Amino acid sequence: MMLKLVAITAALTLLPAAAKAEERATTKEAEMMVHQAVAFLKKEGPEKALGVFSDPKGVFTYRDLYIYVLDVKGVMRAHGSHPEFVGKDQMQRKDADGKFMTKDAIELAKAKGSGWLDYKWQNPVTGQVENKVAYVELVGDLVVGCGAFRK
């Protein structure tokens with residue numbers, strides 16, 4: 001599956017920017033990316049995986065999707081779109097409506113192991129704040145997530 005993701009990502013780099021902006025990934029693709037990231041994390045370990053996840057041009061970015069990883073204390077360990085968040089406490093981060101999205105993601109992952117949450121976030125492709133739904137999964141003391149913007 002990783003090779004397929006690499007091939008798709010490589011093919012997308014050939015599209016004009018306007019065409020890319022119109023393409024949005026689906027919630028199914030976001031969930032699949034988390035499953036792939038979790039498998040990669042378990043196989044390669046956090047030291048290697050977190051660096052790979054934080055590469056904005058890497059294999060864990062596709063259309064408007066990217067992987068992010070939080071520890072259960074709220075510190076961002078990897079982020080495929082905002083590397084400046086890595087290493088910083090995100091527990092008090094709020095979305096456009098004042099929702100504590102990091103806290104909610106961690107609580108959901110700890111309570112259920114995985115699941116979906118809604119929030120508003122700036123789309124890296126359009127630059128606009130939009131409704132987003134993220135799938136998160138707990139792996140040890142890490143929460144792996146990926147969100148898709150609602151169409």
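Between 42, 48, 4, 28, the distinction of being farther than 20 Å from residue 114 by Cα, of a type outside the set (Ser, Thr, Tyr) and either modelled with pLDDT of 50 or more or touching an Asp or Glu at 6+ places or on another chain (Cβ under 6 Å) (or both) belongs to 48 only. Listed residues 134, 109; which is of a type outside the set (Phe, Trp, Tyr) and farther than 16 Å from residue 72 by Cα? Exactly one of 134, 109 is of a type outside the set (Phe, Trp, Tyr) and farther than 16 Å from residue 72 by Cα, namely 134. Listed conditions (1) at pLDDT 95 or above; (2) under 26 Å from residue 47 (Cβ atoms); (3) buried (at least 18 other Cβ atoms within 10 Å of the Cβ) are all met by residue 81, apart from (1). Only a single criterion out of (1) surrounded by fewer than 20 Cβ atoms within 10 Å (Cβ to Cβ); (2) under 24 Å from residue 52 (Cβ atoms); (3) of a type outside the set (Lys, Arg) is not satisfied by residue 102, namely (1). Take the conditions of a type outside the set (Lys, Arg) and modelled with pLDDT of 90 or more and apply them to residue 105. Does it pass? Considered against the rule, which asks whether it is of a type outside the set (Lys, Arg) and modelled with pLDDT of 90 or more, residue 105 comes out as yes. Of the listed requirements (1) over 14 Å from the mean Cα position of the chain (by Cα); (2) hydrophobic (A, V, I, L, M, F, W, C); (3) surrounded by 15 or more Cβ atoms within 10 Å (Cβ to Cβ), residue 96 misses just one: (3). Scanning the stretch 111-135 for residues that are touching a residue at least 24 places away in the same chain (Cβ under 8 Å) and touching a Leu at 6+ places or on another chain (Cβ under 6 Å), we see that the one that is surrounded by the fewest Cβ atoms within 10 Å (Cβ to Cβ) is 113. The criterion of being in contact (Cβ under 8 Å) with a residue 24 or more places away in the chain and out of contact with any Pro (no Cβ under 6 Å at 6 or more places or on another chain) holds for residue 60. Only one of the numbered conditions (1) surrounded by fewer than 17 Cβ atoms within 10 Å (Cβ to Cβ); (2) at pLDDT below 95; (3) touching a helix residue (DSSP H, G or I) at 6+ places or on another chain (Cβ under 6 Å) is not met by residue 72, and that is (2).
The values are calculated or read from the model by the stated rules, or taken from the named source; none is laboratory data. Note that the structure is a prediction, hence the values are computed from the model and not measured. Positions of Cβ are generated from backbone atoms using ideal geometry, with glycine treated the same way; all protein chains shown enter the neighbour counts.
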